[in-house]
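The next block holds one structure in the form of structure tokens; read it before the comments.
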Amino acid sequence: METKKDVLILAIESSCDETAAAVVKNGREVLSNVISSQIELHKLYGGVVPEIASRKHIEKINQVIEEALETAGVTLDDIDAIGVTYGPGLVGALLVGVAEAKAIAFAKNIPLVGVHHIEGHISANYIENKELEPPFLCLVVSGGHTHLVCVKDYGEYEILGRTRDDAAGEAFDKVARAIGLGYPGGPKIDKLSKEGNPDAIAFPRAHIAGSEYDFSFSGVKSAVLNYINGCQMKGTPYNRADIAASFQKAVTDVLVDNAIHGVKEYGLNKLAIAGGVASNSTLRAAMAEACAENGIEFYYPSPIFCTDNAAMIGAAAYYEYLAGTRHGWDLNAVPNLRLGER
Ligand code: KG4
Ligand code: ZN
């Protein structure tokens, strides 16, 4: 009997401030996952500077790919397809990965599979949860995106809700800056919150009338800034840990409410989380508790697969590859690519 051949994908991710490459076997087995982060560089400016990001990607990408191949113990001759993020993201940053992927695929005469960054984040859940299969609901919370997505099948998505203004991670970063924690703020708020009281300050929980799955975080962000201004004007001291914990609770309450509501309404029994903010300890704990109460199976990636990485792109590329997705040499970076578009 003929045995089914393994599919090895070399995946590349460069949509924001991480230059990453990974080798993934059959979509779920990560043979290597190399990430070169530019965070230290962008910290100086309090956020990602697009031009600097692009230049740094160019400097790092070859080295990162070589390391990914070496760690996996393979060469380009063993690779069956190249997966690459082609949107959404910073156009100059995306272009570096796309150009590199096209060059390798052309030189080696192997298929090129463009991947949507959010599809990558969602697929991060397949890596450590070998039994997870669609359909399930996924809450994608990152620095640039906040989406509640029904994963109907591999590569088939329905967006239930999204943010009307700031992304969840963006709100974390802005509040962190307001209380003097620096960039990126999410992990710092997460840490400082452990010393604070989440019920100390009543920050608003935005529920949007008529759009039960949409999110809005600009209100809670403004409430934090107003609270700090108020304290400063009155000359009263404020407790940064209490602010962090109360803000974090306000955000997670809404994320949990909408996600659980969505799972029930859509008649599903599985919920996954993805994206940088999915590594938040309060969100993970609150979601786990709500899922347990409601008989919902809860899935979440390890923190290293939550923030930007190429292993998740390899997982997504595998299912696109199986579905027959092939991109041509005209593949371009699409900064505002929509989920589900090919
Ligand atoms: O997914 P990601 O690496 O990049 C995007 O695709 O945007 O997400 C980065 C975002 C940043 O806003 C960062 O502050 C946030 O994820 N983040 C966190 C935590 N770790 C990273 N937010 C809250 N708690 C965390 N532990
Ligand atoms: Zn991301």
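Bear in mind these aren't lab numbers, they're just calculated from the coordinates by the rules spelled out. Everything quoted here is computed from the prediction, not taken from an experiment. Please note: Cβ atoms are built from the backbone with ideal geometry, for glycine as well, and neighbour counts cover all protein chains shown.
A few points about this structure:
- Two-site label geometry, residue 6 and residue 264: point separation in nm, points 7 Å out along Cα→Cβ: 4.4
- Segment residue 41..residue 218, full-extension length gain: 61.0 nm, with 0.36 nm per residue of separation and the alpha-carbon distance subtracted.
- Among 237, 301, 198, the largest mean-square fluctuation in a Gaussian network model of the chain, built with springs joining Cα atoms closer than 10 Å, belongs to 237.
- Candidates 61, 201, 79: whichever shows maximal mean-square fluctuation once the chain is modelled as a Gaussian network with Cα springs under 10 Å: 201
- Computed [θ] at 222 nm, helices only, for the chain once each DSSP H run of length n ≥ 4 contributes -39500 (n - 2.57): -14000 deg cm²/dmol
- For region 197-285, the relative contact order works out to 35 percent when only alpha carbon pairs closer than 8 Å and six or more residues apart are counted.
- Whole-angstrom Cα spans of region 143-298 along principal axes, big to small: 54, 27, 26
- Loop-located trypsin sites (Lys or Arg not before Pro) in region 38-101, at most 15 other Cβ atoms within 10 Å (DSSP): none
- Computing FRET efficiency as 1/(1 + (r/R0)^6) for residue 304 and residue 238, where r is the C-beta to C-beta distance and R0 is 35 Å, gives about 0.55.
- Of 191/249; 5/102; 25/108; 5/108, those spanning more than 22 Å from alpha-carbon to alpha-carbon: 5/102
- Within a Gaussian network of the chain (alpha carbon springs, distance under 10 Å), most fluctuating of 20, 250, 101: 250
- Rounded to the nearest 0.05, the FRET efficiency derived from the C-beta distance between residue 106 and residue 130 at R0 = 45 Å is 0.85.
- Relative contact order of the chain, defined on C-alpha pairs under 8 angstrom at six or more residues apart (%): 25
- Net length gained if the chain between residue 66 and residue 225 were fully extended (0.36 nm per residue, minus Cα distance): 52.7 nm
- Distance from the Cα centroid of region 110-161 to that of region 193-223 is 25 Å (rounded to whole angstrom).
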